[in-house]
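*Asks:* After the structure tokens below, expect a handful of questions from me.
The values are calculated or read from the model by the stated rules, or taken from the named source; none is laboratory data. A quick note: this is a predicted structure, and the numbers were derived from the prediction, not measured. Ideal geometry is used to build each Cβ from the backbone, glycine not excepted, and the neighbour counts take in all protein chains shown.
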Amino acid sequence: MKKIIFTVICLTGLFATAQTAKEIKAEMTPKKDSIAAIQGRVDALQAQLDALPGWKVGAFGTIGGSLSNFNNWFAQGLPNNSSGTIGFTVNAFANQQEEKFFWRNAANINLSWVKLDDKDDPTDDDGFREATDVFNISSLYGRKLNDKFAVSGLGEYRTTILSNFNDPGYLDLGVGGTWTPITDLVVVIHPLNYNFVFSNEDTIFNSSLGAKIVADYTKKLGAVSFKTNLSMFQSYESGNLSNWTWTNSFAYTLWKVIGVGFDFGLRNNKQETLNYIVNNAPTPNPTATFDTIDNELQTYWTFGLSYSF
């Protein structure tokens, strides 16, 4: 009899728990629908706010880093060492939107340092060395023909700043048209663009006339901020002088202005590849030419804490 009573009590408890969970889930469904509806209204209001005339200024970035120290850790090749990585990315913009014109300014900076100090080797480099070094600023001005199209002029400069500043450095100046199909997407097509290249190695790096294409999308949706930018130059003189860079930044806010971020970039630049092989490779090849090298894709990525300004 006691076993029967105990079994009935257990089954009753399980049934009550199941009913409670089912009821809770039933209550959650309309609340989720309400939250989605509220977020939709907030996004619509934000889109209206973004479309208002005037200046819009903002920035977000990623900070990543790690430090480690080993003493007598004989299982690895360097039992006594200290190592570390430090890096950060900043994406900033200042945009003016008016009835008859717009002026969009942007900056992207990605810097990082690494070190590996072998304590058993007094001759090795025990300090931090530059790893990632990206600096890019641009300014786009357009006179609107209608809500979607404008006659525009673009200035874009990119280089490294930790080492070899402006060697090479690239300055694009051009005119053409800009298409803005939605608030946050900008597509620039400039068939008349001059790509100035600054470098001490003038036998490899050359300036030329060509076409400039830029596509930029920057958006903030709730806790998520992201930016993607593709910048291409197609030389009319030679494909060896063409180049493109694609950068992407994502940040997710976890608490107030702190979150996690991920950045990655791709670049194709045959002039930089040849310069590295001729002058900077571990085994330089001074006889290399554009026709004899493999134009390998350049990449970088950073993952770490993010900070929203």
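*Asks:* Looking at 42, 90 in this structure, which one is surrounded by 10 or more Cβ atoms within 10 Å (Cβ to Cβ), of a type in the set (Val, Ile, Thr) and at pLDDT below 80? Break it down stepwise before answering.
*Replies:* Numbers: 90 fails: at pLDDT below 80.
Result: 42 is the single residue among 42, 90 that is surrounded by 10 or more Cβ atoms within 10 Å (Cβ to Cβ), of a type in the set (Val, Ile, Thr) and at pLDDT below 80.
*Asks:* Restricting to segment 221-238, name every residue that is free of Cβ contacts under 8 Å to residues at least 60 places away in the same chain and assigned to a strand (DSSP E or B). First the steps, then the outcome.
*Replies:* Just the residues of segment 221-238 that are free of Cβ contacts under 8 Å to residues at least 60 places away in the same chain, to begin with: 223-224, 226, 228, 230, 232, 234-238.
Within segment 221-238, 224, 226, 228, 230, 232, 234, 235 qualify.
*Asks:* For segment 137-147, what are the residues that are buried (at least 16 other Cβ atoms within 10 Å of the Cβ) and farther than 30 Å from residue 274 by Cα?
*Replies:* Looking only at segment 137-147, we keep the residues that are buried (at least 16 other Cβ atoms within 10 Å of the Cβ), and these are 138, 140-142, 144.
Those that are buried (at least 16 other Cβ atoms within 10 Å of the Cβ) and farther than 30 Å from residue 274 by Cα: 140, 141, 142, 144.
*Asks:* Something else about it: Every residue in segment 263-289 that is hydrophobic (A, V, I, L, M, F, W, C) and more than 17 Å from residue 199 (Cα to Cα), please.
*Replies:* Selection gives 264, 266, 281, 288.
*Asks:* Follow-up. Check off (1) in contact (Cβ under 8 Å) with a residue 24 or more places away in the chain; (2) assigned to a helix (DSSP H, G or I) for residue 276 and give me the number that stays unchecked.
*Replies:* (1)
*Asks:* Condition (residue is surrounded by 19 or more Cβ atoms within 10 Å (Cβ to Cβ) and under 25 Å from the mean Cα position of the chain (by Cα)) applied to segment 286-297: is it met by at least one residue?
*Replies:* Just the residues of segment 286-297 that are surrounded by 19 or more Cβ atoms within 10 Å (Cβ to Cβ), to begin with: none.
Among the residues of segment 286-297, not one is surrounded by 19 or more Cβ atoms within 10 Å (Cβ to Cβ) and under 25 Å from the mean Cα position of the chain (by Cα), which makes the answer no.
*Asks:* Shifting gears a bit: Could you tell me how many of the residues in segment 92-139 are hydroxyl-bearing (Ser, Thr, Tyr), farther than 24 Å from residue 266 by Cα and part of a strand (DSSP E or B)?
*Replies:* The total comes to 0.
*Asks:* When you check residue 85 against the structure, is it buried (at least 18 other Cβ atoms within 10 Å of the Cβ), under 26 Å from residue 157 (Cα atoms) and in contact with a strand residue (DSSP E or B) (Cβ under 8 Å, 6 or more places away or on another chain), yes or no? It would help to see each step written out before you state the result.
*Replies:* Numbers: buried (at least 18 other Cβ atoms within 10 Å of the Cβ): yes; under 26 Å from residue 157 (Cα atoms): no; in contact with a strand residue (DSSP E or B) (Cβ under 8 Å, 6 or more places away or on another chain): yes.
So residue 85 does not fit the description; no.
*Asks:* Test residue 238 against the criterion of being of a type in the set (S, T, N, Q), surrounded by 15 or more Cβ atoms within 10 Å (Cβ to Cβ) and touching a Ser or Thr at 6+ places or on another chain (Cβ under 9 Å), and give yes or no.
*Replies:* Values: of a type in the set (S, T, N, Q): yes; surrounded by 15 or more Cβ atoms within 10 Å (Cβ to Cβ): no; touching a Ser or Thr at 6+ places or on another chain (Cβ under 9 Å): yes.
Taking the combined requirement at face value, the residue does not satisfy it.
*Asks:* So residue 258 ticks every box in (1) under 18 Å from residue 88 (Cα atoms); (2) surrounded by 14 or more Cβ atoms within 10 Å (Cβ to Cβ); (3) of a type outside the set (Ser, Thr, Tyr) but one. Which box is left unticked?
*Replies:* Result: residue 258 passes all but (2).
*Asks:* Being at pLDDT 80 or above, surrounded by 15 or more Cβ atoms within 10 Å (Cβ to Cβ) and outside any loop (DSSP other than H, G, I, E, B) is the requirement here; does residue 68 meet it? I'd like the intermediate steps shown before the answer.
*Replies:* Details: at pLDDT 80 or above: yes; surrounded by 15 or more Cβ atoms within 10 Å (Cβ to Cβ): no; outside any loop (DSSP other than H, G, I, E, B): yes.
Answer is no for this residue.
*Asks:* Working only within segment 226-273, note down all residues that are modelled with pLDDT of 95 or more and aliphatic (A, V, I, L, M).
*Replies:* 230, 232, 241
*Asks:* Also: Does residue 299 count as more than 14 Å from residue 89 (Cα to Cα), in contact (Cβ under 8 Å) with a residue 24 or more places away in the chain, outside any helix (DSSP H, G or I) and of a type in the set (Ser, Thr, Tyr)? Show your work before the answer.
*Replies:* Values: more than 14 Å from residue 89 (Cα to Cα): yes; in contact (Cβ under 8 Å) with a residue 24 or more places away in the chain: yes; outside any helix (DSSP H, G or I): yes; of a type in the set (Ser, Thr, Tyr): yes.
In short, yes.
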